[in-house]
1. Out of all the residues in the stretch 109-140, which are among the aliphatic types (A, V, I, L, M), modelled with pLDDT under 95, part of a helix (DSSP H, G or I) and over 23 Å from residue 181 (Cα atoms)?
2. Out of the stretch 145-157, which residues are in a loop (DSSP other than H, G, I, E, B) and either under 13 Å from residue 65 (Cα atoms) or not assigned by TED's automatic domain parsing to the domain that holds residue 184 (or both)?
3. Evaluate the stretch 215-231: report whether one residue or more is within 29 Å of residue 5 (Cα to Cα) and either touching a Cys at 6+ places or on another chain (Cβ under 9 Å) or not charged (D, E, K, R) (or both).
4. Kindly list the number of the only condition in (1) touching a Ser or Thr at 6+ places or on another chain (Cβ under 7 Å); (2) outside any helix (DSSP H, G or I) that fails for residue 10.
5. So residue 188 ticks every box in (1) without any contact (Cβ under 8 Å) to a residue 60 or more places away in the chain; (2) in contact with a strand residue (DSSP E or B) (Cβ under 8 Å, 6 or more places away or on another chain); (3) not assigned by TED's automatic domain parsing to the domain that holds residue 279 but one. Which box is left unticked?
6. I want to confirm something. Restricting to the stretch 263-278 and keeping residues that are in a loop (DSSP other than H, G, I, E, B) and of a type outside the set (A, V, I, L, M), which single residue is farthest from the chain's Cα centre (by Cα)?
7. Return the residues of the stretch 46-79 that are buried (at least 17 other Cβ atoms within 10 Å of the Cβ) and either more than 21 Å from residue 3 (Cα to Cα) or not aliphatic (A, V, I, L, M) (or both); say none if nothing qualifies.
8. Give 156, 146 a once-over and let me know the one that is more than 12 Å from the chain's Cα centre (by Cα) and within 17 Å of residue 115 (Cα to Cα).
Amino acid sequence: MLKIEHIYKSFGEKPVLNDLNLEVKDGSVFGLVGVNGAGKSTLLRTIAGVYQADSGSITLNDMDTYLCPEIRKEIAFAADEFYYPSGSTLQSLKVLYETMYDFDEKVFAEYCDLFELDVKATISNLSKGMKRRVSLVLALSIHPKLLLMDEAYDGLEPLARLRFKRLLAQRIEEEQISVIISSHNLRELEDICDSYGILEDGKIASYGDLIDNRGKVNKYQLAFAEEVDRNRFSAFDVLAFEQEGRVVQMVIRGEEEEVSETLNELHPLLLDVLPVTFEELFIYELESRGRSYE
């Protein structure tokens, strides 16, 4: 299990991570979301041991991810930016990885074939999507206990994206690896993540089970015989409210059955309940705290 406790990280006078706490269980796919500049990449780099935290601790299976070289061999980091030595080929990177990790050459060859990668091609000449394939193939070839992916699907075309999702699901089931995925495209996270966390003001402002939390936030559309005042809904935890004449649309946090039962006591002519997407959940969470999604 990954355990993060009271992490602080600053760059000069600029604080980025501020008393951040988080746990990610084995076999879990955790979606890390937040507005631009929230510190998602910094958090991933700190977990990977690229950065040293100013204070606090990050442990994987009770071993410090910065201080213990042994546990860093169990962490694969597919960064958003691609940094490879000049003139590198996939074959030369394979040799480099073999010196640092318990590298599985059979898996590497299988995944290169699956993602149509030429091991002799110069990395700098590849497109962004092909570079992304390279980083993911290398990451999965070390059989990591923890896989960190920053903007995981950026540049991947739909077929490669689908292949990777299927492959990742298989690896999670077989090896119980933990995965943290950061992405701006929340729709891409929705069908693969089982938990999520919103990074805001340097800390995890909200996190939990994705399906459970989405189930507790729903859209309610109601029509009344006459116009109603918003104050009539003061008993509910309303995250968003719109009204046009006698029609009201709200996003309410709470158990759907209980909320619907209480709303029916207001005698609406019509009551429809609609689920929210992961992206909508994120936006409503931010807006409820006076923030906006940029």
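1. 123
2. The answer is 145, and nothing else.
3. Yes, there is a match, as at least one residue in the stretch 215-231 is within 29 Å of residue 5 (Cα to Cα) and either touching a Cys at 6+ places or on another chain (Cβ under 9 Å) or not charged (D, E, K, R) (or both).
4. Unmet for residue 10, out of (1) touching a Ser or Thr at 6+ places or on another chain (Cβ under 7 Å); (2) outside any helix (DSSP H, G or I): (1).
5. Here residue 188 meets the rest and fails (2).
6. 267
7. Listed by number, the residues that qualify are 46, 49, 51, 59, 65, 66, 72, 74, 77.
8. Being more than 12 Å from the chain's Cα centre (by Cα) and within 17 Å of residue 115 (Cα to Cα) holds for just one of 156, 146, which is 156.
The values are calculated or read from the model by the stated rules, or taken from the named source; none is laboratory data. Please read these numbers as outputs of a predicted model, since none were measured by experiment. Positions of Cβ are generated from backbone atoms using ideal geometry, with glycine treated the same way; all protein chains shown enter the neighbour counts.
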